[in-house]
Amino acid sequence: MSNIWRIKDFWGGISTGKKKGIGGSFAFGQGLDFITDPDLLSVNYRMDKASSTNVTGLVKWFAQDGTTYYAYADDGKIHSDATSWTSLRTVANSGGQGLEVFNDYLYYTQDTQLGRYGALSGAPSFTDNYQTGLTDTSAYNFAPMKVFLNMLIVGHGRTISTLESDDTWTLSKFTLPIGWNIKSLEVRGDFLYIGAFQGSSVTDYEKGGLFTWDGTSTTWNSLEEINESGVNALLNQDDTLFVWAGTRGNIYQFAGDQYVKLKRVPNIGVGNYADVFPGAVTGFNGRVHFGMSGDTDSTTLYQGVYTWGKVEKNYPNVLNFDYITSEGNTQASNIRIGAMKAVSPTKLYVGWRDNATYGIDLVSTSNKQATSTYESLIFDDKQPYRRKIFKEIKLLTTVLSSGESVVIKYKLDRASSWTTLATFSFSANGAVTNDKFEFVNANGVFLKAYEIEVRLELVGGVDLIEADVVYDVEEDITGTT
């Protein structure tokens, strides 16, 4: 009697390894939805371009004032979606260092200045040099801001400045030790968390730091260092502080005074680097969303919007690669995800670059991605020393509609490329053309291998229930015929 490998659990997310992982995990997935119904593998919604050609730089920050949203790009342009992402101003001497709304004004940091736009409730106007004398951040173009204890916090170089609600400005509230540069800010509970790196680039030193400040002390309260090249991004989600540190795709939870590594984004490549920009993290529909990558030289990293979260309490937290940009490209060293922000339960904006093209995408609430991809872990029946005879694969889906199909591909014994087996598709009479496909060679002989991987490309909104691979195991462990 033949054996069956049942591919039926999908909620384990992307595994760190290619062969072993938690229950329901897979080697790679793109554009998959297993959150809506964990018993189905579905096609996720897509990102549609919301901006026009006036967005000519990488958007690094979004800010929100009620139902009006602002974007700040690395070419100095400030955009507003109040009139379909119209460009409001191009700021000189700017790399899009930081953006925040505070006390009825939109504030933006430049190389050495703090500018503002407002009052937002009246007839707003720009003042680029509202405050001057900031540390020159043109070498790395980050001077983040955060609202904390009724103050606007401005981080520039190793200095923290504050603007109070009565417009009292303190240029140097306190400074970090020599050598540190501020890149990210976040508030959790009664503390401001300050993410920092050393040098002028996150690849300069293998050292990052997370400082805390209570808002009243004359200097910072604590420092927890990490052997990663900088604390690049911070997010407080459900009273948990998430930390993106270094250039190897590592995600941490900071609990008490310890960094707990949660996951590593795969496929960056040996010797390559990739980081997450501080404005490219947000919470959306109960899960952490982040963009990979802000800076990278990798051509193997899949770039777009990743998530970390779970279906509900009894399921694990897992990594998923949910969305790609409206350009449709994923693997190139000139793709960037600069910023993202959830501005409502149905609106998630993403700023991106694809070579010389730039834009702002909005996650659709109705349109699905054209194709989503599932790649299984390597299967060997826990007997890698025995060869298997792979006979057929059977798919079970919900009722297919016109334009929906599943392309079936496979690899044997870690082949370098995928082989297309067949397409499971809709037919004119409403039935499927076939739901069972044989693994045979040109001579009609069943395929033999020690290991197999299966790739399923879901086209047109397919919901997959299960895929079953039928196989036998050879008795001769030498694998001879």
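Below are the figures for this structure:
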read-out	value
Gyration tensor verdict on region 236-355 (Cα atoms; rounded if a/c is under 1.5, prolate if a/b is larger than b/c, oblate otherwise)	oblate
Under 13 Å from residue 18, Cα to Cα: aspartates and glutamates that are on another chain or at least 8 residues apart	375, 380, 413, 451, 453
Peptide ranges 223-233, 311-321 listed from the most packed, as the mean C-beta count within 10 angstrom indicates	223-233, 311-321
Of every Cα-Cα pair in the chain, the percent that sits beyond 33 Å	42 percent
Residue 126-residue 171 FRET efficiency (beta carbon distance; Förster radius 22 Å; 0.05 resolution)	0.55
Proximal lysines to residue 183, defined as alpha-carbon separation beneath 29 angstrom and excluding residues fewer than eight positions away on the same chain	49, 60, 77, 146, 173, 207, 261, 263, 310, 341, 347
Charge context of residue 273, other residues only, Cβ under 9 angstrom, K/R +1, D/E -1	-2
Cα shape, region 12-130, gyration tensor, a/c 1.5 rule	prolate
R0 of 51 Å, Cβ-Cβ distance residue 86-residue 386: FRET efficiency to nearest 0.05	0.20
For the chain, size of Cβ-based charge dipole, Lys and Arg +1, Asp and Glu -1, in debye	680 debye
Residue 16 paired with residue 39, simple spin-label distance in nm, labels 7 Å along Cα-to-beta-carbon	3.2 nm
Ordering of 2-14, 66-78 by burial proxy (mean other Cβ atoms within 10 Å per residue, highest first)	66-78, 2-14
Environment charge at residue 206 (Cβ cut-off 15 Å; Lys +1, Arg +1, Asp -1, Glu -1)	-2
Local electrostatic count at residue 116 - Lys and Arg +1, Asp and Glu -1, tallied over other residues with Cβ under 12 Å	-3
The chain, relative contact order in percent, only Cα pairs under 8 angstrom and at least six apart counted	16 percent
Flagged links, alpha-carbon separation over 19 Å, of 19/436; 20/382; 8/368	19/436; 8/368
Order by protection proxy (mean Cβ within 10 Å, highest first), peptides 372-379, 50-57	372-379, 50-57
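Every number here is computed from the coordinates shown, using simple stated rules; none is lab data. Just so it is clear, the model here is predicted, and its values are computed rather than measured. As a convention, Cβ positions derive from the backbone with ideal geometry for all residues, glycine included, and neighbour counts pool all protein chains shown.
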